[in-house]
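The values are calculated or read from the model by the stated rules, or taken from the named source; none is laboratory data. Small disclaimer: the values here were computed from a predicted structure and weren't measured. Because the Cβ atoms are built from the backbone with ideal geometry, glycine has one as well, and the counts that use them run over all protein chains shown. For the accessible areas, the whole protein counts, side chains as well, though only heavy atoms, and no ligand, DNA or RNA atoms are used. Shrake-Rupley method; radii C 1.70, N 1.55, O 1.52, S 1.80 Å.
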Amino acid sequence: MRSDNNNGAGWPLKLAAAGGLAFLHLPILLIFVYAFTTEEKSFQWPPPGFTTQWFSVAWNRPDVWEALTLSLKVASIATAIALVLGTLAAAAVARTAFFGREAISLLVILPIALPGIITGIALRSAFSLAEIPYSMWTIILGHGTFCVVVVYNNAVARFRRTSGSLIEASMDLGADGFQTFRYVVLPNIATALLAGGMLAFALSFDEVIVTTFTGGQQSTLPIWMLEELIRPRQRPVTNVVAMLVVIVTFLPILGAYYLTRDTDSVAGSGK
């Protein structure tokens, strides 16, 4: 009789998994390699030589710092806005029954389901009709449309798994609304909000399509990289900056994963 404990994957499945991982990550590894190449204007394989000079070149280029600063400002403010609006929307949808609740939930998540170019064109048309000049704030508004969705999805799932009896018990014991939120609700949804905020920051930091339509003459770091690839001056500098983008976006996603992987149960979820 064959043992039921023999659950190991066969070699075809392992080979397919390895091929999928290589397809996803080899291009990223190439970016890291080309950040050290001695060739300035083209991509040669194998690289003719290796050097670290491009790191100092990138460090001393003011256009890189301007783009990085703008990206950090936009991502930080868009994430803060998303945390407030996404949490409030999730609390309303998850904890209150009212007419049209499912329709509102659909409208909240719609921006992330639509192609980015549709969102960008719609926002650009709205800004033009309202005669709003393009600036950092128009980029933030554009990024906020999908950052809110990320926070909302995390928060609404956690709200639905949090027992309402905890809130009722808090109120029965004399706590007001703020105290109930601070000592009961927030501890139960904190990791979901933190994970949603990290993912929202990562999405905003490397957004290109919506930024193209809402940024005007403003250049975030991904837009700067795109322009450098089209009209290259020093290609390895672009790869050095790409390494930074990979690291900056990878760390929040990794943090969100570790924060949420052991949160299948919350206080009072079984009551």
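Could you please give the count of residues in segment 195-223 that are part of a helix (DSSP H, G or I) and over 17 Å from R160 (Cα atoms)?
Qualifying residue count, segment 195-223: 18.
Could you check, for segment 134-148, whether at least one of its residues is surrounded by fewer than 18 Cβ atoms within 10 Å (Cβ to Cβ), among the small types (G, A, S) and in a helix (DSSP H, G or I)?
No, because not a single residue in segment 134-148 is surrounded by fewer than 18 Cβ atoms within 10 Å (Cβ to Cβ), among the small types (G, A, S) and in a helix (DSSP H, G or I).
Would a scan of segment 85-104 turn up a residue that is assigned to a helix (DSSP H, G or I), among the hydroxyl-bearing types (S, T, Y) and modelled with pLDDT of 75 or more?
Looking through segment 85-104, at least one residue is assigned to a helix (DSSP H, G or I), among the hydroxyl-bearing types (S, T, Y) and modelled with pLDDT of 75 or more.
Considering only segment 58-97, state which residues are open to solvent by less than 10 Å² (accessible area, probe 1.4 Å) and touching a His at 6+ places or on another chain (Cβ under 9 Å).
Of everything in segment 58-97, those that are open to solvent by less than 10 Å² (accessible area, probe 1.4 Å) and touching a His at 6+ places or on another chain (Cβ under 9 Å) turn out to be V74, A75, A78, A82.
Residues in segment 106-133 that are under 12 Å from T214 (Cα atoms), surrounded by fewer than 20 Cβ atoms within 10 Å (Cβ to Cβ) and small (G, A, S): how many?
Looking only at that region, the number is 5.
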